[in-house]
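Following: one structure in structure tokens, then a few remarks.
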Amino acid sequence: MGYKPESYQPIPGDVLPRFAGIATFMRLPWVAPRDASEVDIGLIGVPWDGGTTNRAGARHGPRQIRDLSTMARNAHHATGIEPFRLCNCADLGDTPVNPVDIEDTLARVTEFYDEVVAQDIVPLTAGGDHLITLPIMRALCRDEPVGMVHFDAHTDTLDRYFGESKYTHGTPFRRAIEEGLLDPKRTVQIGIRGALYSAEDKHWGLDQGIRVIEIEECNDLGVEGVVAEARRVVGDGKTYVSFDVDALDPVYAPGTGTPEIGGLTTLDALLMLRGLRGLDLVGGDVVEVSPPFDPSGNTALVAVTTMFEILCLLAERSASRPQPG
Ligand code: MN
Ligand code: MN
């Protein structure tokens, strides 16, 4: 499984044409976690949509995102950041999942990330539905709760579904706060909108101290205002970035299970992410890409580009961190 590369560089497009070869995230080498001691940042797929409550399909996200990764290149056009020069990056493959058992899948995903965390690898994940962030946080945030910059149309802080089901893609951050993985007072949710099951749905998160910037306030604040507020909320502590593609308007990202009209533009979302430079980022994910609803691959291209934006942040942060030993 995987191989040990001599360099952790993407395969150059003038060595192997961009449309050729076996698809990996950003044309990086594929390395098994147990062989990844030299890897600084691991790109990981979680092919899972068992937490989806309506339109499924996000289990196919990682494969289509890897396919569209053929469009990725090496240097950020605006910031000049070259993540593959700053850090050893690799595709660590997909986590194990059990397509017919939610709790077994949560355990398998956490076990995979335990190995990643043990090797001091910063994870950047492609989902999968949004429930996958919970088992990632169970591995990543075991020692202390993190802050979070969360882009989404939905708060994902609901409690139960169909009576007693605790685990859906609408509940991960309620569980993460209950489990002490996520600090609600250092959590900011950006782009929230859409009709609710009831008006009370908003109360729990606000009562915990989450800063919710609904889409109307995003519009009023503008990109710079949203960035300033996000930075104020998360501060200097360890912070995770979670990007649900349904934060974007469905004209940009139709390939998702729970689209909500009136969302962010792709450009505003990229600029907001870029505004997070210098934060103490410990990992990130891009979730809810559902290829059956966008066979064109445009939503997956949005996800690849968003992952690259987050990768630049993680690489700059990792490179500036003091090296152990
Ligand atoms: Mn979500
Ligand atoms: Mn959502």
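The values are calculated or read from the model by the stated rules, or taken from the named source; none is laboratory data. If you're wondering where the values come from, they're calculated on a predicted model, not measured in any experiment. Here the Cβ positions follow ideal geometry from the backbone for every residue, glycine too, while neighbour counts run over all protein chains shown. These area figures cover heavy atoms from the full protein model, side chains too; ligands, DNA and RNA do not enter into them. Shrake-Rupley method; radii C 1.70, N 1.55, O 1.52, S 1.80 Å.
Values as computed for the structure displayed
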{"read-out": "Lysine pair count for the chain [Cα-Cα under 23 Å; pairs on different chains or 8 or more apart]", "value": "4"}
{"read-out": "Using θ = phi - 60° and Karplus 6.51 cos²θ - 1.76 cosθ + 1.60, couplings along region 230-239 (whole Hz; Gly, Pro as x)", "value": "4, 5, 5, 5, 7, x, 8, x, 4, 9"}
{"read-out": "Residues with amide H under 5 Å from that of residue 81, placed H, sequence gap 5 or more", "value": "76"}
{"read-out": "Computed helical MRE - 222 nm, the chain, DSSP H runs ≥ 4 contributing -39500 (n - 2.57), nearest 500", "value": "-9500 deg cm²/dmol"}
{"read-out": "At 1.002 mPa s and 20 °C, Stokes diffusion of the chain via Kirkwood alpha-carbon radius, µm² per second", "value": "111"}
{"read-out": "Fraction of accessible area attributable to carbon and sulfur, region 139-210 (%, probe 1.4 Å)", "value": "51"}
{"read-out": "Length released on extending from residue 9 to residue 118, taking residue separation times 0.36 nm less the Cα-Cα span", "value": "36.9 nm"}
{"read-out": "Residue 179-residue 63 FRET efficiency (beta carbon distance; Förster radius 22 Å; 0.05 resolution)", "value": "0.15"}
{"read-out": "Mean Cβ neighbour count within 10 Å, used as a protection proxy, ranking 161-168, 304-311, 143-150, 243-250 highest first", "value": "243-250, 304-311, 143-150, 161-168"}
{"read-out": "Full-stretch length increase - residue 197, residue 298 - with 0.36 nm per residue and alpha-carbon distance subtracted", "value": "33.4 nm"}
{"read-out": "Solvent-accessible area per residue for region 62-197 (1.4 angstrom probe, square angstrom)", "value": "41"}
